[in-house]
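Structure first, commentary second.
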Amino acid sequence: MPAILSVLGPGTWPALFRCFLAAVFAGFAIKIMDDWIDSDHLRDSAFLSLLGKGSLPYALALLALAASVDRAVACSVFLVSYAMGMAWTGACDRLPSGLQGWQESLVAVACSFVTTGVRTTATAGLVIAAVQGFDDVMDLRAGKEKTSHIASLFGSFETTVGSAALLALGVALNVVQAIGMAAAATVVWLVEIALERSHGSGRSPGDCDIICK
């Protein structure tokens with residue numbers, strides 16, 4: 001980590017902070033929307049219990065804040081997260097658009113390419129995939145096999161190594177964006193754990209991942 005931080009000159013810190021802040025806002029927005037879709041009752045999620053019927057408006061407000069801080073990061077994080085979620089959990093489902101999940105995933109990625117650029121989209125995809133992998137490993141080690149899809153399929157060690165490799169590729173591609181997004185994912189995850197413990201929700205942090213699922 002010190003070696004990575006040494007690459008960041010004084011002029012990159014404002015960009016790093018903007019990326020981090022945008023990713024935090026977008027991460028919370030995605031988490032709230034994800035819980036809204038997956039939960040049968042507001043009490044099933046600490047976020048939904050806290051925000052109640054205002055959950056979706058708050059999520060949209062957070063996404064707007066993310067875009068106001070850094071449009072490229074906010075849009076790429078949201079669109080890539082949506083694409084990965086649809087491709088993994090609903091690839092063959094027919095959606096309201098008339099497309100199947102994997103087809104909408106391609107459309108979302110294409111929109112991200114056009115609006116934010118290939119490099120930004122690719123970096124977002126690498127970091128999000130890495131975070132998803134690490135989250136699945138923690139779920140598997142906690143005995144939550146139902147939510148550890150990747151780790152259950154490939155194994156805990158293999159998933160950890162693969163996730164680390166994906167994160168390293170993201171850093172190599174865009175060090176500022178990758179570090180900002182990784183730090184933001186950590187913050188969202190820690191807040192989720194704190195809320196789950198304080199609200200005594202039956203859901204675990206791994207039941208709805210911080211970036212996508």
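Here the spin labels are modelled as points 7 Å beyond Cα on the Cα-Cβ line, and at V118 and A164 they lie 3.0 nm apart. If contacts are Cα pairs under 8 angstrom and at least 6 residues apart, what is the relative contact order of the stretch 69-131 in percent? About 43 percent, as a whole number.
Working out 0.36 nm times the residue gap between V107 and A183, then minus their Cα-Cα distance, what length gain in nm do you get to one decimal? Numbers along the way, then the final one.
Working: separation 76, 0.36 × 76 = 27.36 nm, distance 2.77 nm.
That pair, V107 and A183, stretches by 24.6 nm at full extension.
Counting pairs of Cα atoms in the stretch 13-207, how many percent are more than 28 Å apart? Can you show the working numbers first?
Numbers: 4313 of 18915 pairs.
Cα-Cα pairs of the stretch 13-207 separated by over 28 Å account for 23 percent.
Computed from the coordinates by the stated procedures, all read-outs in this text should not be read as laboratory data. Here the structure is a predicted model, which is why all the values come from computation and not from measurement. Glycine also receives a Cβ, built like all others from the backbone with ideal geometry; neighbour counts cover every protein chain displayed.
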